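A short worksheet on the structure shown next.
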Amino acid sequence: MDLLSSPAEWEDFFETRVEKKLRQFMYETGHGKKSFYVDVKNELVTYREMRIYEELVEFPDDVIKHAHEGLWDIYNPIDGVNLKGYFVRFVNLPLARRISPNKIEHTCVNKFYAIEGIVTRASLIMPYVVEAVYKCKKCGSKNVMHVDISPTAKLTKPYKCKACNDGRRFELLDGESKTIPYQIIQIQELPENLSVGEEPRTVLVILTNDIAGKVFAGERVVVNGIVRLLHKGDRPIMDYYIEANSIEVLEKGYDEVKISEEDKCKIEELSKDKNLVSKIVNSIAPSIRGHYYTKLAIALQLFGGVRRTSSDGSECRGDIHVLIVGDPSTAKTKLIKWVKNLVPRAVYSSGKGVSKAGLTAAVVKDEFTGKWVLEAGVLPLADGGLAIVDELEKMSKDEREMLHEALESQIITIDKANIHTYLRTRCSLLAAANPAYSRFDRYEPVTSQINIEPSLLSRFDLIFAVFDIPDKEEDRKIAEHMYEVIQFGGKPPEIDIELLKKYISYARKYVEPFISDEARSKISEFYMEIREKSMEGSVAISVRQLEGLYRLSTAAAKMRLSNRVEECDVDLAIEIFTESLKSLGLDLTSDGVDIDVVYSDTPKTKRDKIKVVVDILRELDEVRGVNIVDIVLHAEKKGLDKADVEEVLDKMKQIGVVYCPKYNHYRLVDV
């Protein structure tokens, strides 16, 4: 094999093509930098008529070795800098050389590629022995064994001593063996690159030396390295892994969308449209008729608020969380799935089909190292974008409990198996769920039929209940709309989807509205007005909903591409907030409003009933407990019926306030 590449050729490349950059690197070597990065697309491709680049991708082992040796031969006598032991790393490969994990095949083996994916798992950084020093127990001489870098590599003792040619018993000298930092990560196909029904492939990546520990679970990366075959024992079936030369972290979420000058002109023109809000709403899932306020909620969620940091360092999230709960066949799933079209970084999951890591994260045992490693779930993988979860109620209770911190603080704290860290979940959550008994009972409170913990419901800025109610006129319009969609594909969206996607990305990237005095006053007045309508012993609206109103108002301003939150934005926020609560059976225009009906499992009316039962139990207290018959008799005199008493006693048993000394007898725990 006759290669143009050689140490001398690379020394010439460094001193002619990237001389200024190299001098700067030599100056910075005292600041902890261990690698010199070569921009392949801009610095190497045009060198020697592409021959060195072509040899790099076809014969990477030889060429990378030549590049290292060429760098090591460079010495600056003025600065006294010796680059021996430093690394050459290649970044920014041409797009033609960038592939996804699903595209790796046998022709890629031992070739140099850029593999794009999302980090789903990352091990701890461990020492890896690359040169094992063994001491011969017969003559005392030392034998060095070189170890290949591979997930399945093993330490192998010398067959016999090289000095005495006889000794066969050896002792590994840990202190004299050479080790390097070593980490295994796992990357997976980007969700948006998968076609329908395609299973995402995961591939192992080996990071060594100074690039170990540079990326974390949930980050989107491009791994530049050599594709290798992974041997698993004596089995003929093999897999692939990547021996990384470098790793690049991709831009976050909406920053990935490229917007041209022509696009900017169209965006500015669209922002001045008087019917902007209705056009955006009608362009979301146009094949689904109706759901105006639900689609408006999704639109505001896509634009989002502004993340703000207070003077004490605490953060107030800008991401908006939306929950849709509805009857079967109300297009919930179709609607939330469609939203993926507008978001450059969206991760979808459904019910019990979620991975081991679930919505948050899990600590699992790595099959190669035997160590516990961190595996990211849906929310960390969606960091910087949108997490879409269908059938939220089918997630395990433990999984849903872990969502509290992830949604409000937007981090997940991990403290398991000696792993103490956290993952960021700076994303919005769009979730859908079904009523507890499959379909809403129109004669029961809506909130009592949502089988999700009230503490979790309170993390959502907007909750919409969607009903399937027979209506002759509306049913006729739906039938006509469905015919038009099936026969002719339906009407096109009022705003082209690609333009809307760029419009949203532009707003999120460049528009950061401040709240005007008029807007602040309007929100404050609304807050105080509703607080005055609170039922005695309860509240009609809390600070959490107040924060949500600020987020929604800011999102409305961003929708207009305005850097100032005006009164019209507050009006829109109040309108959709009111409609959200109205769908749940809570009317803010009436007196005696209790927000706990929605966000607590013990609203004011139920707390009053509990107080009545507690007073009865204290009054009739006996060591063997009070018979339920006596409790009901006394409760009926105070306006409670048998069903109320049984419901209250069940609730009190659940929270540990009462116990049963004997069957159907109840006693307070604290008496």
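For the range 291-314, residues that are hydrophobic (A, V, I, L, M, F, W, C) and open to solvent by 10 Å² or more (accessible area, probe 1.4 Å) total 1.
Close Cβ contacts (under 9 Å, 6 or more residues apart or on different chains) running from residues in the range 481-506 that are on the phi > 0 side of the Ramachandran plot and without any contact (Cβ under 8 Å) to a residue 40 or more places away in the chain to residues that are outside any helix (DSSP H, G or I) and of a type outside the set (Phe, Trp, Tyr) comprise Gly489/Ser287.
Among all residues of the range 112-127, there is none that is on the phi > 0 side of the Ramachandran plot and open to solvent by 30 Å² or more (accessible area, probe 1.4 Å). Number of residues in the range 24-42 that are touching a residue at least 12 places away in the same chain (Cβ under 8 Å) and in a helix (DSSP H, G or I) equals 6. Any residue that is open to solvent by less than 40 Å² (accessible area, probe 1.4 Å) and either touching a Pro at 6+ places or on another chain (Cβ under 7 Å) or of a type in the set (Asp, Glu) (or both) - is there at least one of those in the range 152-159? Among the residues of the range 152-159, not one is open to solvent by less than 40 Å² (accessible area, probe 1.4 Å) and either touching a Pro at 6+ places or on another chain (Cβ under 7 Å) or of a type in the set (Asp, Glu) (or both), which makes the answer no.
Going by the conditions given, is Glu525 farther than 20 Å from Cys568 by Cα, free of Cβ contacts under 8 Å to residues at least 60 places away in the same chain, open to solvent by 80 Å² or more (accessible area, probe 1.4 Å) and part of a helix (DSSP H, G or I)? No: the conditions fail for Glu525. Comparison of Ile237, Ile288, Ile284 shows that the only residue that is without any contact (Cβ under 8 Å) to a residue 40 or more places away in the chain, among the aliphatic types (A, V, I, L, M) and not in a strand (DSSP E or B) is Ile237. For the range 271-288, which residues satisfy the criterion of being among the hydrophobic types (A, V, I, L, M, F, W, C) and open to solvent by 20 Å² or more (accessible area, probe 1.4 Å)? Correct list: Val277 only. If you filter the range 408-428 down to residues that are in contact with a helix residue (DSSP H, G or I) (Cβ under 8 Å, 6 or more places away or on another chain) and in contact (Cβ under 8 Å) with a residue 12 or more places away in the chain, you find that the one that is nearest to Arg459 (Cα to Cα) is Ser428.
Restricting to the range 253-307, and then to whatever is of a type in the set (Gly, Ala, Ser) and within 14 Å of Ile504 (Cβ to Cβ), can you tell me which residue is modelled with the lowest pLDDT?
Gly253
Within the range 362-369, identify whether any single residue is in contact with a Leu (Cβ under 7 Å, 6 or more places away or on another chain) and among the polar types (S, T, N, Q), and answer yes or no.
No.
Against the conditions (1) part of a helix (DSSP H, G or I); (2) out of contact with any Leu (no Cβ under 6 Å at 6 or more places or on another chain); (3) surrounded by 14 or more Cβ atoms within 10 Å (Cβ to Cβ); (4) not charged (D, E, K, R), Met50 satisfies every one except (3). Within the range 89-145, the set of residues being touching a strand residue (DSSP E or B) at 6+ places or on another chain (Cβ under 9 Å) and without any contact (Cβ under 8 Å) to a residue 12 or more places away in the chain comprises Leu95, Lys103, Glu105, His106.
Confirm whether Leu342 is touching a His at 6+ places or on another chain (Cβ under 9 Å), farther than 30 Å from Gly213 by Cβ and either buried (at least 18 other Cβ atoms within 10 Å of the Cβ) or free of Cβ contacts under 8 Å to residues at least 12 places away in the same chain (or both). Criteria not met by Leu342. The condition (being buried (at least 17 other Cβ atoms within 10 Å of the Cβ) and out of contact with any helix residue (DSSP H, G or I) (no Cβ under 9 Å at 6 or more places or on another chain)) is satisfied by just one residue among Ile187, Ile211: Ile211.
Scanning the range 414-431 for residues that are more than 13 Å from Glu315 (Cα to Cα), open to solvent by 70 Å² or more (accessible area, probe 1.4 Å) and outside any strand (DSSP E or B) turns up just one, Asn418.
Of the candidates Asp327, Asp415, Asp366, Asp390, the single residue that is under 23 Å from Arg201 (Cβ atoms) and either out of contact with any Gly (no Cβ under 6 Å at 6 or more places or on another chain) or among the hydroxyl-bearing types (Ser, Thr, Tyr) (or both) is Asp366. Scanning the range 621-668 for residues that are touching a strand residue (DSSP E or B) at 6+ places or on another chain (Cβ under 6 Å) and assigned to a loop (DSSP other than H, G, I, E, B) yields Arg624, Gly625. When Leu71, Leu93 are checked against the criterion of being buried (at least 19 other Cβ atoms within 10 Å of the Cβ) and in a helix (DSSP H, G or I), Leu71 stands alone in meeting it.
For the range 572-622, a residue qualifies if it is crowded, with 19+ Cβ neighbours inside 10 Å, among the hydroxyl-bearing types (Ser, Thr, Tyr) and at pLDDT 80 or above, and the qualifying residues are Ser580, Ser583.
The C-beta contact set for the range 659-671 (first residue closer than 20 Å to Leu633 by Cβ, second residue open to solvent by 70 Å² or more (accessible area, probe 1.4 Å) and of a type in the set (Phe, Trp, Tyr), distance under 7 angstrom, 6+ apart or interchain) comprises Arg667/Tyr659. Scanning the range 315-332 for residues that are in contact with an Asp or Glu (Cβ under 8 Å, 6 or more places away or on another chain), open to solvent by less than 50 Å² (accessible area, probe 1.4 Å) and not hydrophobic (A, V, I, L, M, F, W, C) yields Arg317, His321, Gly326, Asp327, Pro328, Thr330, Lys332.
Candidates in the range 99-116 are the residues that are outside any helix (DSSP H, G or I) and of a type in the set (Ser, Thr, Tyr); of these, the one that is farthest from Val378 (Cα to Cα) is Tyr113.
The values are calculated or read from the model by the stated rules, or taken from the named source; none is laboratory data. As the structure is a prediction and not an experimental result, all values here were calculated from the model. No Cβ is skipped: glycine too gets one built from the backbone with ideal geometry, and neighbour counts run over all protein chains shown. Note: accessible area is taken over every heavy atom of the protein model, side chains too, but ligands, DNA and RNA are not part of it. Shrake-Rupley method; radii C 1.70, N 1.55, O 1.52, S 1.80 Å.
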